[in-house]
DNA sequence: GCAAAAGTGTTGTACGTACACCCATGG
DNA sequence: CCATGGGTGTACGTACAACACTTTTGC
């Protein structure tokens, strides 16, 4: 197999003839940890972008549906498949990739960091979570993609089961509020937030509390899967 | 130049080596006429889809930004450039095109039918407006693209200057209401609609009326360009 | 008893919705 | 004078924004 300047992120790169060389998929994988929205980045190992940080991605495979591609990328990085993924745009300026004409389709994915063990593909030196307001300079237009993904996530926040994918199985309302604040980038009023969530009627109490902290123990909730439209 | 199975819509097809053969752009060109939302379709002439109806589109040109491609398509069909265009998604199921793997990026465009003279490209038999609820069976997944474009348009209706592009320079509030009804697919209450539009403060009276009809002459309005956010 | 976070209500305002009649005009 | 479409107001309910104090617990 010849060196492939863009498949640095692959664990099992496909033979080049199975790829569409001018069309890639990039994934903005978002997670919520330490009250912060984080994005999963990989550091290239070898190739023209050695040492630089980038979104995980891949060329579109000729025999795989476009919409399945982000799951392929995620499977290689995390070993999981049943996650929330949404397309947020196609990016295709002539000079977005400096050495070749490549159009990319951006997807964002929502997972819980820590729930999965990350694998480092061949072509990658490191895989690491970064807070979205501490993202380093990325290759190509990847910083733009991160911003576009977050804008889309903000718009989807009220109409898609975002929390269900970014929060642990059981969580407190304070955690959920922190998640909303991280996504929207602004503080929320506690009383208004709780009323709004209550009106959605998508949570149910577990009956348990989180008594790991040294003060009043908050109630734990979970999503009522039957009520997520 | 060899025959190119997909560039039926081109007036001046580019040499094949300037195209990205696995990546196309399709345009859902929408207009408003006779109180109906209409979409512009072309009928293929020659090639594997001879006689069938399709969205106008083109392969992505290697030396043209992706986001400029819909303008290229529109320029060939209508000779105009300054119109509203928005990307609504990338479509890439393996079997969406029956004879080859082609991913397409969908754009919708808004123009006033009748304002422009349509050109018939070589590769096309006809160019024709169809009411969106009377769209014939189209090639590939183009019917899906039309529906996706309209869904996107519905979501954009309140946040983008849709009317500014689909209505004539001067128009009545009834016309505008009919446009909203056509896009949303449901009747609007006249009083509520007028109050809503008034609250937006994006229109100004022209002082003129339309006295072409045999009853009370409605006032003519225009968009106040300085107030379109 | 205090620090630290959980939890809780009221009020005003803005917006959506439902609903019916008079007005102006041309023929 | 009548048919046709233009134009207008009120009342209600819901949703959001602003705002501060009490409760529980571990130490």
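The values are calculated or read from the model by the stated rules, or taken from the named source; none is laboratory data. Please read all numbers here as calculations on a predicted model, not as lab measurements. So basically every Cβ, Gly included, is an ideal-geometry build from the backbone, and we count neighbours across all protein chains shown.
Some observations on this one:
- Taking the conditions (1) out of contact with any strand residue (DSSP E or B) (no Cβ under 9 Å at 6 or more places or on another chain); (2) more than 27 Å from residue B:43 (Cβ to Cβ) in turn, residue B:197 satisfies each one other than (1).
Matching residues to (1) assigned by TED's automatic domain parsing to the domain that holds residue A:146; (2) touching a residue at least 12 places away in the same chain (Cβ under 8 Å); (3) within 23 Å of residue A:133 (Cα to Cα):
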position: A:173; (1), (2), (3): no, yes, no
position: A:186; (1), (2), (3): no, no, yes
position: A:209; (1), (2), (3): no, no, no
position: A:216; (1), (2), (3): no, no, no
position: A:219; (1), (2), (3): no, yes, no
position: A:224; (1), (2), (3): no, yes, no
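- If you go through region B:59-90 and pick out every residue that is within 13 Å of the chain's Cα centre (by Cα) and within 14 Å of chain A (Cβ to nearest Cβ), you end up with 6.
- Verdict on residue A:144 being in the same structural domain as residue A:29 (by TED's automatic domain parsing) and more than 27 Å from residue A:212 (Cβ to Cβ): yes
- Boolean, residue A:109 is assigned to a loop (DSSP other than H, G, I, E, B) and either surrounded by 19 or more Cβ atoms within 10 Å (Cβ to Cβ) or at the interface with another protein chain (Cβ under 10 Å from one of its Cβ atoms) (or both): no
- Screening region B:135-222 for helices (runs of 4 or more DSSP H) wholly inside it with 3 or more residues that are away from DNA strand D (no atom under 16 Å from the Cβ) and closer than 17 Å to residue B:108 by Cα returns the ranges B:142-156, B:162-166.
- Among the conditions (1) more than 19 Å from the chain's Cα centre (by Cα); (2) under 26 Å from residue A:61 (Cβ atoms); (3) more than 14 Å from chain A (Cβ to nearest Cβ), the only one that residue B:55 does not satisfy is (1).
- Among residues of region B:73-89, those that are crowded, with 18+ Cβ neighbours inside 10 Å and without any contact (Cβ under 8 Å) to a residue 24 or more places away in the chain, counted: 1
- Across region A:206-220, the qualifying residues are those that are closer than 16 Å to residue A:167 by Cβ and within 9 Å of DNA strand C (Cβ to nearest atom), and the one among them that is farthest from the other protein chains (Cβ to nearest Cβ) is A:210.
- For region A:40-51, the condition holds for at least one residue, the condition being that it is under 25 Å from residue A:171 (Cβ atoms), touching a residue at least 60 places away in the same chain (Cβ under 8 Å) and more than 14 Å from chain B (Cβ to nearest Cβ).
- Residues of region A:91-113 satisfying the condition of being within 13 Å of the chain's Cα centre (by Cα) and at pLDDT below 95: A:111, A:112, A:113
- Test: residue in region A:137-144 that is under 13 Å from the mean Cα position of the chain (by Cα) and surrounded by fewer than 19 Cβ atoms within 10 Å (Cβ to Cβ): no
- Test: residue in region B:171-192 that is within 14 Å of chain A (Cβ to nearest Cβ) and within 16 Å of DNA strand C (Cβ to nearest atom): no
- Against the conditions (1) surrounded by fewer than 20 Cβ atoms within 10 Å (Cβ to Cβ); (2) under 27 Å from residue B:86 (Cα atoms), residue A:56 satisfies every one except (1).
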